[in-house]
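Worksheet: one structure, shown below.
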Amino acid sequence: MKLIHTADWHLGQTFHEYDRKAEHLHFLTELKTLIRQLSVDVLLIVGDVFDSPNPSAESQQMFYKFLRDVTAENSALQIVIIAGNHDSAARLEAPNPLLEAMNITVRGVVKRTPQGDIDYSRLIVPLMENGKIAAWCLAVPYLRQGDCPEAETYSQGVGRMYERLYEQVSDKTKPIIALGHLQATGSEISENDRSERTIIGGLECISPDSFSPEIAYTALGHLHRAQRVSGRENVRYSGSPLPMSFAEKNNKQGVILLEINGKETKIEHLGMDPPVKLMSIPREPSPLADVFEAINQLPDGEINAKSPYLEIKVLVTEPDPSLRFHLEEALKNKSVRLARIIRILPKKVSDSNTITYEELQTINPMDMATDIFRRRFGGEEMPDAMKKLLQTVIHEVET
Ligand SMILES: [Mn+2]
């Protein structure tokens, strides 16, 4: 049985105002080719299908056209999709009556039975091969606090969710594959990346022990860098197919191919080169003269849909409202698309209270709040109860 694990497509994302439709289409075309060439049985899409809970008509159309095309081309293909924190759980599930007829299962909402218990059975999806159940999929969407079984903390609740689901699988002779959109402890996030840093202070990290060693493979989404978790070969993030921010420019994009033969599981990361590169110049933030020099070295040519996105890091000594204009002038005839300019003040100035918007974006809100608390209350630490409450609020706001 062959499966492809992918996640974090973020369809509809604009990259610093640039539309990414062409890049997403490129990925979807490559994915379709892979599925056909490898005769894949199951496609697992592990959350953050869309970048926004209210995706544009255009990005929804792209998604549903892909689903239609890929299932038409591969009549035996089964697809399991879960919602991520960026998706609207209910909206993603809405077309289920149509999708079910196409062998596609979407799980976004954790439903309750009339007695108020979690409806576990709905989250256990049989994976078929030649008309027979070949494996079980624990299709767990991104979980909010109230979705989990009773527990002291969010992470314990999530752990319990997977335990219960595992217990509920009656036929454990078949391989079990768990899905999850979460941050696992022992994983690395991309430096300064706010889109991933939705879980604060480490308390909300999920222990990889939540996934029983008996589970053949755990397919994770949420972190955009492909990686194993805590050195466990079979607990993995596929990573996103496109870099979502400049912090991710060195990530290796792709999907994971999983081959299950009885007890044996073969796991392989299939690299896919995104059609548009991210460039950051100069290597270190530099004075304007060096920046112009670096721009000079860029290749000449026309700008098209494949031209790299460019980040420029300038050391500035004072506000310069015409900076962007001068940089844009220098970039004329260069085959790049200017995405952002980072202005960095030299150390002695930035030591004062001035910080740039970009710097502000990199500060963890929890750190900021505890710092302010300390200053206001003569060095007192914020009480744990208040920290917990704040964490819940930040979590809700950011997800
Ligand atoms: Mn996510």
Subject >> Members of segment 1-60 found to be over 25 Å from Val140 (Cα atoms), in contact with a helix residue (DSSP H, G or I) (Cβ under 9 Å, 6 or more places away or on another chain) and of a type in the set (Phe, Trp, Tyr), listed by number >> reply: Phe15
**OP:** Give the residue that is surrounded by the most Cβ atoms within 10 Å (Cβ to Cβ), with candidates limited to residues of segment 208-252 that are basic (Lys, Arg) and over 18 Å from Leu3 (Cβ atoms).
**Re:** Arg225
Subject >> Number of the condition not met by Met244 [criteria: (1) in contact with a His (Cβ under 8 Å, 6 or more places away or on another chain); (2) under 28 Å from Trp136 (Cβ atoms)] >> reply: (2)
Original post:
Are any of the residues in segment 105-115 closer than 25 Å to Val276 by Cβ and not aromatic (Phe, Trp, Tyr)?
Top reply: no
**OP:** Take segment 228-261 and flag every residue that is more than 14 Å from the ligand (Cβ to nearest atom) and on the phi > 0 side of the Ramachandran plot.
**Re:** Ser230, Gly231, Gly254
Original post:
Restricting segment 140-188 to residues that are part of a strand (DSSP E or B) and within 16 Å of the ligand (Cβ to nearest atom), which is surrounded by the most Cβ atoms within 10 Å (Cβ to Cβ)?
Top reply: Gly180
Original post:
What are the pairs, 6+ residues apart or on separate chains, where a residue within segment 281-295 that is in contact (Cβ under 8 Å) with a residue 24 or more places away in the chain and farther than 17 Å from Lys334 by Cα has its Cβ under 6 Å from a residue that is charged (D, E, K, R) and crowded, with 16+ Cβ neighbours inside 10 Å?
Top reply: Pro285/Lys313
**OP:** Run Glu311 past the list (1) under 30 Å from Thr185 (Cα atoms); (2) touching a residue at least 40 places away in the same chain (Cβ under 8 Å); (3) charged (D, E, K, R) and report the number of the one that doesn't hold.
**Re:** (1)
Original post:
For residues in segment 189-222 being among the hydrophobic types (A, V, I, L, M, F, W, C) and within 16 Å of the ligand (Cβ to nearest atom), which is modelled with the lowest pLDDT?
Top reply: Ile200
**OP:** For segment 120-161, name all the residues that are of a type in the set (A, V, I, L, M, F, W, C) and within 23 Å of His86 (Cβ to Cβ).
**Re:** Leu123, Val125, Cys137, Leu138, Ala139, Val140, Leu143, Cys148, Val158, Met161
**OP:** For Pro274, work out the one condition from (1) over 21 Å from Thr33 (Cβ atoms); (2) surrounded by 13 or more Cβ atoms within 10 Å (Cβ to Cβ) it doesn't fulfil.
**Re:** (1)
Subject >> Enumerated strands (runs of 3 or more DSSP E) restricted to segment 224-282, each holding at least 3 residues that are at pLDDT 95 or above and polar (S, T, N, Q) >> reply: none
**OP:** Find the helices (runs of 4 or more DSSP H) located wholly in segment 299-399 whose residues include 2 or more that are surrounded by 14 or more Cβ atoms within 10 Å (Cβ to Cβ) and within 16 Å of the ligand (Cβ to nearest atom), and list them.
**Re:** 384-398
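The values are calculated or read from the model by the stated rules, or taken from the named source; none is laboratory data. Since the model is a prediction, treat every value here as computed from it, not as a measurement. Glycine also receives a Cβ, built like all others from the backbone with ideal geometry; neighbour counts cover every protein chain displayed.
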